[in-house]
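A quick write-up on the structure given underneath.
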Number of protein chains: 2
Amino acid sequence: MTVPTLLVLDAEPLPRLGSLTGRARIEHADASTLAERLPGADVLLVWDFTSRAVRSAWPGEGPRPRWVHTASAGVDHLMCPELAASDTIVTNARGIFDQPIAEYVAALVLAMAKDLPTTWALQRERTWRHRESQRVAGTRAVVVGSGPIGRTIARTLKALDITTALVGRTPHTGIHGPDDLDRLIARADWVIAAAPLTEQTYGMFDARRFGVMQPSARFVNIGRGGLVVEDALAEALAKRWIAGAALDVFEHEPLTPESPLWQVPGLIVSPHMSGDTIGWRDELGKQFVELYERWAAGRPLVNVVDKKRGYVPGR
Amino acid sequence: MTVPTLLVLDAEPLPRLGSLTGRARIEHADASTLAERLPGADVLLVWDFTSRAVRSAWPGEGPRPRWVHTASAGVDHLMCPELAASDTIVTNARGIFDQPIAEYVAALVLAMAKDLPTTWALQRERTWRHRESQRVAGTRAVVVGSGPIGRTIARTLKALDITTALVGRTPHTGIHGPDDLDRLIARADWVIAAAPLTEQTYGMFDARRFGVMQPSARFVNIGRGGLVVEDALAEALAKRWIAGAALDVFEHEPLTPESPLWQVPGLIVSPHMSGDTIGWRDELGKQFVELYERWAAGRPLVNVVDKKRGYVPGR
């Protein structure tokens, strides 16, 4: 029996795949070598989930891996029409980031309600200035994105007594459809973007949507940068259409020092870290090893992405 | 029937007591006039809860008010042996601050876990630097103080899946006694000070107690400044005995620009605002009016402070 070839699109630190010794022939690629190595691979592990190398290399010549796993929740960085149309199975890191991201959103919501950014600025200036802050209990949130991340965010916000609505692609028990979105964000105190980046969601938070929100509303994006028209958000904040925002993800990452977003008033900028708690890379590696063992044993894979939709469907 | 005289130890903005028109003769005092006006007062409302004027004025000559209400949870600023030994009833603002303070503690815990202070510092420098943060779910907290504020903090932390122990003056179902304190803080990730300031609690967080905590532990004080030996905390942070701290209350408030506490590494300083959400003064005024109506009708008061203990006992 031949040992399958596992090609890893590398990023530092490398995944710990020692437990696959003898069960996979592990090869490595970077953006410059991926195209030439793809035909020899049975499985591709996209460990460098910031890379768009798969989108570039996939439409090439020769056989393609039968299975691609990405160590990320989003798959937008690797999807291309040829991969979507192929028989190759794509899986993602569904589940790993749910609770960390939900806690991160709660941290941002509470920090904004309690005016912590001002507290830090005043501390630097050694200035004692009492302010009144906001209760989050009894406020309203809308979480856009009804996958496991969005649902865990909603559960966490509800635990803080925030009335929370979930919006997904299709209406379902406890989940609103896109038709309800404008009505819901028009009365929300918190609008949380947690949707996958697809053709339908690209740029969905635009000038019109920020205009619909309340002047007291705050917006948080922990999904994908492309969900937001960044210029429109900056303008909405400058014009006080909304009261504040926090972005953990951006159209172009990393944000360069020249980006005007660093200094938009009322905007909190963080470096795409919401899901990355200590040990996260080990969890991602362990998840892949478990999937590999299923695959090698001929059992069905889990976390299988609907390649047309761009995410793992269902509950 | 004579209209009772209600003396208000003032602070701006004044309480809204219009609904007591005709039912109370409202007089006003400040620190300099309180002593001379106390004998003519039936009721004293300590609206300026930052003032120690009651402690100075109370031991004077002549009749004393039969009832003193303070628009605060703590009563340490007004208690003196003569008041404690008298027949005067003391009530406090029990209940008003519970949920706001619990949310504030959750905000601080999550902000520290998610390293938000570093995020703000890096944003000012326009620097993108990914870091790994901490999950709060599964961590351990100890809340010292088992009154309504401490219990609400514990409930809120539990809602974030933090394993939380409560420590009070006397052991009770679900509440640990002081004998368990050192054992509990020795394995806690979060130690929250929410106790009243009494002879027993003054300076309870000292060098020895910070030495007992884990190097990864973080300490939060939203109770009273006097609970903490501030120099000892600063040294514990400088020596990395603990990983971080947040103080919302201080031995001397407001903190002067000269205070070294502003710049202690790993210390978050906020200006005694944890319980003060928008509308808090109106809530305090409304609570007093309700108590006044009970008192005027001869019904028993609630929120009655045990003057020997220095807080409202019981659940």
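The values are calculated or read from the model by the stated rules, or taken from the named source; none is laboratory data. Remember, it's a predicted structure, so these values are computed and weren't measured experimentally. Every residue, glycine among them, receives a Cβ derived from its backbone with ideal geometry; neighbour counts consider all protein chains shown. Just the protein is used for accessible areas: all its heavy atoms, side chains included, with ligands, DNA and RNA removed. Shrake-Rupley method; radii C 1.70, N 1.55, O 1.52, S 1.80 Å.
Across segment B:89-119, what is the number of residues that are open to solvent by 20 Å² or more (accessible area, probe 1.4 Å), more than 24 Å from residue B:266 (Cα to Cα) and either outside any loop (DSSP other than H, G, I, E, B) or within 9 Å of chain A (Cβ to nearest Cβ) (or both)?
3
Among the residues of segment A:240-257, which ones are open to solvent by less than 10 Å² (accessible area, probe 1.4 Å) and of a type in the set (D, E, K, R)?
Of everything in segment A:240-257, just one residue is open to solvent by less than 10 Å² (accessible area, probe 1.4 Å) and of a type in the set (D, E, K, R), namely A:248.
Name the single residue that is farthest from residue A:82 (Cα to Cα) among those in segment A:277-293 being of a type outside the set (Lys, Arg) and open to solvent by 70 Å² or more (accessible area, probe 1.4 Å).
Among them, the one singled out is A:278.
Output yes when any residue across segment B:294-307 is open to solvent by less than 30 Å² (accessible area, probe 1.4 Å), part of a helix (DSSP H, G or I) and not hydroxyl-bearing (Ser, Thr, Tyr), and no when none is.
No, the conditions are met nowhere in segment B:294-307.
Residue under question is residue B:175, and the condition is that it be closer than 19 Å to residue B:109 by Cβ, more than 14 Å from chain A (Cβ to nearest Cβ) and at pLDDT 95 or above; does it hold? Can you show your working first?
Working: closer than 19 Å to residue B:109 by Cβ: no; more than 14 Å from chain A (Cβ to nearest Cβ): yes; at pLDDT 95 or above: yes.
Judged against the criteria, residue B:175 is not a match.
Of all residues in segment A:128-144, which are surrounded by fewer than 24 Cβ atoms within 10 Å (Cβ to Cβ) and within 14 Å of chain B (Cβ to nearest Cβ)? Let's see the steps before the verdict.
Narrowing segment A:128-144 to residues surrounded by fewer than 24 Cβ atoms within 10 Å (Cβ to Cβ): A:128-132, A:134-135, A:137-140.
Answer for segment A:128-144, where residues must be surrounded by fewer than 24 Cβ atoms within 10 Å (Cβ to Cβ) and within 14 Å of chain B (Cβ to nearest Cβ): A:128, A:129, A:130, A:131, A:132, A:134, A:135, A:137, A:138, A:139.
Could you go through segment B:120-142 and let me know if any residue there is within 19 Å of the chain's Cα centre (by Cα) and in a helix (DSSP H, G or I).
Looking for residues that are within 19 Å of the chain's Cα centre (by Cα) and in a helix (DSSP H, G or I), one finds none in segment B:120-142, hence no.
Between a residue in segment A:2-14 that is without any contact (Cβ under 8 Å) to a residue 24 or more places away in the chain and any residue that is part of a strand (DSSP E or B) and not hydroxyl-bearing (Ser, Thr, Tyr), which pairs come within a Cβ distance under 8 Å, given they are 6 or more apart or on different chains?
A:3/A:24; A:3/A:25
Here's the yes/no breakdown for (1) farther than 14 Å from residue A:144 by Cα; (2) hydroxyl-bearing (Ser, Thr, Tyr); (3) surrounded by fewer than 21 Cβ atoms within 10 Å (Cβ to Cβ):
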residue: A:189; (1), (2), (3): no, no, no
residue: A:199; (1), (2), (3): yes, no, yes
residue: A:203; (1), (2), (3): no, no, yes
residue: A:216; (1), (2), (3): yes, yes, yes
residue: A:228; (1), (2), (3): no, no, no
residue: A:259; (1), (2), (3): yes, yes, yes
residue: A:275; (1), (2), (3): yes, no, no
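Quick check on segment A:145-155. Is at least one of its residues modelled with pLDDT of 95 or more, facing chain B (nearest Cβ under 8 Å) and either surrounded by 18 or more Cβ atoms within 10 Å (Cβ to Cβ) or in contact with a strand residue (DSSP E or B) (Cβ under 8 Å, 6 or more places away or on another chain) (or both)?
No, the conditions are met nowhere in segment A:145-155.
For segment A:262-272, what are the residues that are closer than 22 Å to residue A:113 by Cβ and either open to solvent by less than 60 Å² (accessible area, probe 1.4 Å) or at the interface with another protein chain (Cβ under 8 Å from one of its Cβ atoms) (or both)?
A:264, A:266, A:267, A:268, A:269, A:270
Filter segment A:241-261 down to residues that are under 19 Å from the mean Cα position of the chain (by Cα) and over 22 Å from residue A:52 (Cβ atoms) and give me whichever is farthest from the other protein chains (Cβ to nearest Cβ).
Within segment A:241-261, the match that is farthest from the other protein chains (Cβ to nearest Cβ) is A:245.
Suppose we filter segment A:277-315 for residues that are under 21 Å from residue A:7 (Cα atoms), charged (D, E, K, R) and within 16 Å of the chain's Cα centre (by Cα); how many remain?
Adding up the residues that qualify gives 1.
Within the set of pairs 6 or more residues apart or between chains, which connect a residue that is in a strand (DSSP E or B) inside segment B:58-70 to a residue that is open to solvent by 50 Å² or more (accessible area, probe 1.4 Å) with Cβ atoms less than 6 Å apart?
Final answer for the pair search is B:67/B:89; B:70/B:49.
Just checking, does segment A:161-170 include any residue being open to solvent by less than 60 Å² (accessible area, probe 1.4 Å), within 14 Å of chain B (Cβ to nearest Cβ) and either in a strand (DSSP E or B) or within 21 Å of residue A:72 (Cβ to Cβ) (or both)? If you could, list the steps in order and put the result at the bottom.
Taking segment A:161-170 as the starting set, the residues that turn out to be open to solvent by less than 60 Å² (accessible area, probe 1.4 Å) are A:162, A:164-168.
Those left that are additionally within 14 Å of chain B (Cβ to nearest Cβ): A:162, A:164.
From what is left, the residues that are either in a strand (DSSP E or B) or within 21 Å of residue A:72 (Cβ to Cβ) (or both) are A:164.
For segment A:161-170, residues open to solvent by less than 60 Å² (accessible area, probe 1.4 Å), within 14 Å of chain B (Cβ to nearest Cβ) and either in a strand (DSSP E or B) or within 21 Å of residue A:72 (Cβ to Cβ) (or both): present.
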